[in-house]
Each structure stands twice: as C-alpha cells, then as structure tokens.
1. Could you tell me the calculated FRET efficiency between residue A:314 and residue B:446, based on Cβ-Cβ distance and R0 = 56 angstrom, to the nearest 0.05?
2. Sort A:471, B:247, A:161 by Cβ crowding within 10 Å, fewest neighbours at the top.
3. Quick one: net charge around residue B:401, please, counting Lys, Arg +1 and Asp, Glu -1 for every other residue with C-beta under 13 Å from its C-beta.
4. Which ordering of B:195, A:231 is given by a fewest-first count of other beta-carbon atoms within 10 Å?
5. Quick query: amide H of residue B:353 versus all other amide H atoms, modeled in the peptide plane; which residues come in under 5 Å with a sequence gap of 5 or more or a different chain?
6. Please report the net charge: other residues with Cβ closer than 9 Å to the Cβ of residue A:89, K and R +1, D and E -1.
7. What are the distances, in nm and sorted shortest first, from the label point of residue A:320 to the label points of the same position in each other copy, with each label point placed 7 Å from Cα along the Cα-to-Cβ direction?
8. Whole angstrom only: what separates the Cα centroid of the range A:368-411 from the Cα centroid of the range A:261-326?
2 protein chains.
Amino acid sequence: MKTAITPTRTENFSEWYQNLIVAADLAENAPVRGCMTIKPYGWAIWELMREQMDKRIKAAGVQNANFPLLIPIAYFNREAEHVAGFAKEAAVVTHYRLKMIDGKLQPDPDAELTEPYVIRPTSETIIGEAMSRWVQSWRDLPMKLNQWVNVMRWEMRPRMFLRTSEFNWQEGHNVFATHEDANADAKKMHKMYADYMRDVLAAPVIAGEKTPEERFAGADHTYTVEQIMQDGKALQAGTSHDLGQHFAKSFNIQYLGTDGKLQYAWTTSWGTSTRMMGGLFMIHSDDDGLVLPPAVAPYQIVIIPIVREENTDALNKYAEDLGEKLRELDLRVLVDTTDMRAPDKMWKWIKRGVPLRVEIGAREMENNSVTITRRDLGKESKQTVSVDELLKTAPDLMKQMQREMYERALARQQSQIHDVATLADLEQELERGTTGFFRIKYDLTLNAEFDGLIEKYKISRRCLDANDPSFVYVAKSY
Amino acid sequence: MKTAITPTRTENFSEWYQNLIVAADLAENAPVRGCMTIKPYGWAIWELMREQMDKRIKAAGVQNANFPLLIPIAYFNREAEHVAGFAKEAAVVTHYRLKMIDGKLQPDPDAELTEPYVIRPTSETIIGEAMSRWVQSWRDLPMKLNQWVNVMRWEMRPRMFLRTSEFNWQEGHNVFATHEDANADAKKMHKMYADYMRDVLAAPVIAGEKTPEERFAGADHTYTVEQIMQDGKALQAGTSHDLGQHFAKSFNIQYLGTDGKLQYAWTTSWGTSTRMMGGLFMIHSDDDGLVLPPAVAPYQIVIIPIVREENTDALNKYAEDLGEKLRELDLRVLVDTTDMRAPDKMWKWIKRGVPLRVEIGAREMENNSVTITRRDLGKESKQTVSVDELLKTAPDLMKQMQREMYERALARQQSQIHDVATLADLEQELERGTTGFFRIKYDLTLNAEFDGLIEKYKISRRCLDANDPSFVYVAKSY
C-alpha cells in the first residue's frame, strides 16, 4: 500500500521522522549549527501547547517573569556540579562589536569582554542570584517563578525538536522554607507534567525518580516523565528537580524564619520544552503523516469543498457557512477554498494531522450532508452524516478522539514494557532486537557488567519504578 | 503634599521614572551589563500587552514562527546599510565550550568557532534567507510572518524598558509581489500599531514617516509611531519599514510571476518591543506611582477588606465573595487578604496602578456598600456605592476609564506640540526650556545650522507631519 511518508515507520523510523517533519511543514534545519527554524504550522502547535501548560502553571500559584539571556561565567561557576554538567556545551559571548578588518567582518579586538558571558543553558544561577535578594523572610515563601524562554546547549548530534542547540522551554524555579515543602512541590509539578501530557498531548508517560547516576547537575532528586516512542525508544519529556540547598548555599538564598533565625532556603526547578513536540509527533503519527490530538491541533476540522467549475462559488460559500457554524461551537476550523485539486488538499491535511476532515461535494450540499473522516482512524472511519448531526456531535467527537488517542497510545506503551529478571535476560532481549522499556532490579544495574551493556547497546537507566523503587526502567533513548 | 514617589515628576523626571519602577515592582537591573530582569508584576503587564497585540497581528493574516537566535556573520554582512547600522552593537558568540584553565573558567581555545555568530539584533537577514527558499511563485505571496523573541543590541547608555541591551519584541516580516502591495502593507501595520496604542495602551501617538536621515538601516521608507512623554521627550514606540528590494536582492528572494518570469520580491518589516512599556509608564503615571489603563492592568480591581480582629474572617469572606462576582463579569480582580495593614495595602496598590480600589469596612459590609476610588482620578473620585451598583457598572466603568485616560493623554500631547517658523524661533524655544515637539518646515532642518542645534540641544527629527509632509516634528528623545 502506498503511504504518504516513505520510508514507513517500520522500514526506517529515523528517516520516517525526518520526512514527517518535512511533509507536515513543521520545521527545518537552520543555517546555524544544531539549530532549527520552527515553521508556522509547527509554531501554531507549540502556541497551543504553551497556552495550556501556562494555565496549569499559573493555577499552581506560579508567576511568570523574565530573566536575562546571558549569564556571567562567574555565576555559572558557583555550583560545582552545575558547571561540570553544562560547561562542555556552553555558547560563549566574548565580544560586543564587529569590525571590518582586512575586508572581513569580525569580532572587534578592541571590544573584547573582560568577563565573557554564557548564553543560558538553564537559569538556576541567575535566578538564584535574584532570589537571594528577593527572599528576605518566611513571609516571602514559597516564591514560585517561571519563564518561557530560549536556551542554548551546544549540540554535537542534533535532531529536530528532540535535541537542538537552541530550544524553547519553560523553566520554573521555586523557593521554600523547608526541604519537605520543596520536595512535595517538586513532586507536585512532576505530577502536573504527567497530567498535562495525558490530558493535552494524549501521551501516556512513565513517571518516576531518576537514579542518582542520571540526576540533573546539582539536584538531590530528579523526577522525570518518560515517554515511549513508537520505535520503543525513550524520550525524557519533562523533569522536576528537588535541588536541596545546593543553589541556596551557592547563591546565598537565606530567609529569616518565624523563629527569628536566618537560614538557607530550599529550591526546586522544573522544565519542559519544544522537545515535547518531538514526543507528540513520534507517539501518534503514522505512515501517512502527522496525527494530532484535537487539544493541540491548529485546525481541529478542515472542510474541503469538492468543487466543479459550475458550482465553485456556491459550494465554497456553503462550506464557509458551515465553517462559521462550527467555529461558533469553539472549534478551530479551516475551510480550504484554495485552488488546489481536492485530492491534493485532502493529502495536504492528512499529512498535517488535522483530526477531522469534512468533505462536501455537490450531492452532499443538495442533501445537507457531509462526508467525514477521522484522521486517527483513517479511511475506515469515513461516513456520511447530516450537517445537523455534525453540528450536534462535533465538540463531543473531539473529546472522544482525544480520549481514544490516549487509550491507544497507552495500550501501545504497556505492550512496550518488558520485565527482565537478570542482566543476562536483558542482554538476550536486546540481542534479539526487542524494543521498548525493560524493567529490572535497580541493584543489578549497579554491577560492572551493566556498564558493558550501556556501552554495547547504548541503553540507559530511565527512572525508578514509582510503584516499587527497587526496580528501574532501562531503555535506549533519544 | 507628600507623594509616594520622590522626587516628583517636575522635580526630576528621570529619577522619578527609576523610582516608579522600583515602587511598582516592575523590574530591576540585571547583573549583565545593560540588561534588565522583568519582575512578575511587570511581566504580567507585558503578557496582557502581547496577547492583545498578537490578536491584531493574527487578524492581519500574519502567522507566527520561530527563527534562530544566532546569525552567521556572513548573513549579517550581505546588506551593506544593515551591517553598518548594527555591527557596532553586536554581541558575538565565538566559542562553544568553557574550560577550567589555571583555576579559572574560560572559553576553551580548542572550541573556537571558525565562523562566529551574532546574537540577532533583528532578523531581516536570517528570515530573508528562509524566505528565499519558501517563496517560489506568486501563489506564495503575500507571505506574512512574525516572531515574539528576544534580541540584543549592545547598549552603552541603558535605561530600563526604554533602552536595554537585551529586549523582548515582536518582529514581523512580510513579502509581496509588488512595491505597491509592500508599501501599502507597511502602512497598514503602521496604522495597526497606532490603533493598538490608542485602544489598548490609551496612548496617543504622532504617526508619520521618518525622514531619510532617520530611516532603518536598509529601508526605503520607515513609518514610525512617536509618543510624547510627560517631560516632553519623544519615544519611538514602534516602526514599520518598507524595505524595497534591499533584502530581496541581498538574500535572493525571487518569485515566478503570473507572467512566468522570475523576479525579485518586495519586503517589509515591523516591530514593537518592551520599550512600549516604558512609554506606557511615562505617559500615564503620576507622583504616587503607576497608573494603568484597565486593558493592560494585571488586576483591574483590588478589593481591600478593612478588618478588625473581631471581624477578620467574616469580612475577608465577604470580600472574596464580591471578588468572585466581579470575576464572573470577566474582570481581573485581586482580593488582598494578606496580613498587611489596610493603609499599607492601599498604598501598595496605588503605587502599582490598579485602576479601581474597592474598600470594605464593617459598616460597608452591614450596608451592602463599598467605597470605590479610581486610580486615574485619585481621592477626589472616592465614593460609596451599593454593591449592586458596583456589579452593574464595573465593566462599563473600566471602558470609561480607558477612554478618559486616552482623552487626557491626548489633550496633554496636543499641548506639547509647538509650531515654530524658523530655526531661530526653535532655538529660542529650546533655550527658554520649552519641552515637547516642535513642528517646523522640513527643509529648514536640512540647513547646516540645524546640525548645530542637534549637537547643542540633543534634538532629532522624529517624523514628517502626516498631514503635511513638508513639515517635520523635532524633539529631544529617549
């Protein structure tokens, strides 16, 4: 069977993914090493994702703010683990002027910074410095801040959405009076991420704590939401860190307690990024292109009038009217009256993953009916319904599709988790090409043999099993 | 009379502005030269401004996208005027790794970029390169793109919101088939800015074309919206550029016309930034702090329960209930039940410019009444009204305040424009300390004497009079 995307997922998942991005017009590689340009259709998806995440962030009592892009090297250096984690991928600003020298535009040697700046890879340090001034007494706590910004981590093996040198994200930074409060809040934001991915992205997650080996640079505990892509590989889709007093001590975030004593605060940080888009695409899409859950689809419904020369105006008008009625139901609707051929329009919107396609030809117009096809179920779902029926059921249908997409993704995820009892069993599964997550006793992965498997099969510990932390999930990952 | 902000506007406008920003908790200087941190209250204002601008941008048929932060120097260099305009303030990334050398963290000499990058000061070049690939035929035109991003222009004399090395903005970039279309659209976006400032910021503008001396680096025409601050100085609040074929030719943006011929396209760009916030603050605020138009006030109404020990819970609950009812009218309401003293709360929210203050004491609760005070009119407007009356009138009152703030600002602006017939008259006015805009024959400002006045009084040509382009507005500016 011919598919819109070649190769198919089973033929070559990695190439399929690259071609999917082109076919759905989501993004392209930028002329800057490791960076991407997110095209309008891709960015419209991100805007919907961001808007719904932002609501949940604000509902959690967090305020948005905006901190500088550049970080003085000295700040960066104050927390030892942190600098060790990020120094190797730091983009460094060393000059503040360009000059034409020997006919070539280059950094002006007379405008070299005495203290270079790093483009933020994350903002614990610069926000920690501000918090040391903003937090004075227990009355100021908890303080919960977030910013939606771009960050940069120089990337040697970039992959669109999943791993790019520059990426867009939200980074939350909270301060608390006690470790108990901080830890509880790190877990709360972790749960918020898991709920968001379930409800908005229709994406199931495996939520758990990272093992010490995989923690964020400078954290006491890192809680992660891991997703399983259709090829069985893991994607770390979001993390929430209990930073203990690492940053409070490095940046002197102290508060006067109710007991009148000055003491160090406890901080957390939590982040999700455009990387989630990669997960969204690799969880739901198929060999014909993108499949979007209605909650993040720029257009939830596309109406395609199948016109002939003699009825073009009337049919287009009929389609526009129907679009207007659907929009009144708070649905995002596109009526495609461009002069492309109807089959080309159809394939364009299939590839872009619009949840519901509505086709109207001369006969449908006459009968006050439409032919609808669900993107997630494909042509088997094609049926003709009356316009009244469509108007009555469309909002609920969106909810139903959202739910069913989640359920299918969940069933697939469950089929991709395998229990293994020993390292030998694990190796046997990897050797025979079994894909997915492997659940194994955590202490087994501390044996020296496990390092050999990491090396040989490029696997890693994803997170501890939340129900039984003596087990850990192990997988290949993006 | 004691004022919340000292010095007052008349005593020292520049210091008043700095202190206003502190008093209203809007922002602070960052530990990065020339950069600022926008605090939660300031950022909440920006989010409201951005949201309402974004709606207008989308209504104009523009799509948002996201282009990289870094620009290869070679790109930057392709348009001669453009590089001349921005090379002197470019932040340059030269290394992609840090290394500890002699106990000091510094750029790793082994990780020097062969081709350094510039942090975007604006994105005509990198977007131009993309458009050269995205635009193929007349069917692709017009193409209208916008991005909301941070940019960087190294600033030697920074001033919060008005002039910072890093700032947040929207930059629109449109491509057209003809110069006529491009020019008309540059004017359309220029008008969109003026309308937005009037309707959303309650800020009148002087809208007109820049003289050739003041054009954007690489533009054929620059259309500007200029605002007059309370001290009479000009603020350039937004610009829209007709770029002719400068960038189309430098970046090879060509399209196949309906005539089958390949030809260069015509481009525009248009931008507004967090600088508008500085204008908003300096147009409306007074000696007691910020005065916000309801359309961009994070809280349009603050309810302050004036509690005594015996009625704290009951009164707070009563206030919360009223707050809920007002929120149901789509108003942004804060009920301040913190344990500060009522007068401190009152002054806190006066300084932060909340449009309407609602006070409720024991007697008011008993009578089902409230005492309301408009921030823009001050204590003279204080009156007691029934709760029913408040609920009935509050939404309209917001519209009325928005309108009246605009009208007052417009009247003030008109009083700050002065006609002068000769350069000698202009000098006389400047010499006697007259502030504001001076309207004078444009050709007079082309005389050599005018250069002397520019130098001596730090004035500049702001824009041509839209009603009579033989006249130009001249003023000191931010």
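1. Calculated value: 0.40.
2. A:471, A:161, B:247
3. +2
4. Ordered from fewest to most neighbouring Cβ atoms within 10 Å, B:195, A:231 come out as B:195, A:231.
5. Amide H neighbours of residue B:353, under 5 Å, 5+ apart: B:290.
6. Around residue A:89, the surrounding residues sum to +2.
7. 5.1
8. The two parts, judged by their Cα centres, are 15 Å apart.
Just so you know, all these numbers are worked out from the coordinates, no wet-lab data involved. Not measured: the values here are computed from a predicted model. A quick note on method: Cβ atoms are made from the backbone with ideal geometry, for glycine too, and the neighbour counts reach across all protein chains shown.
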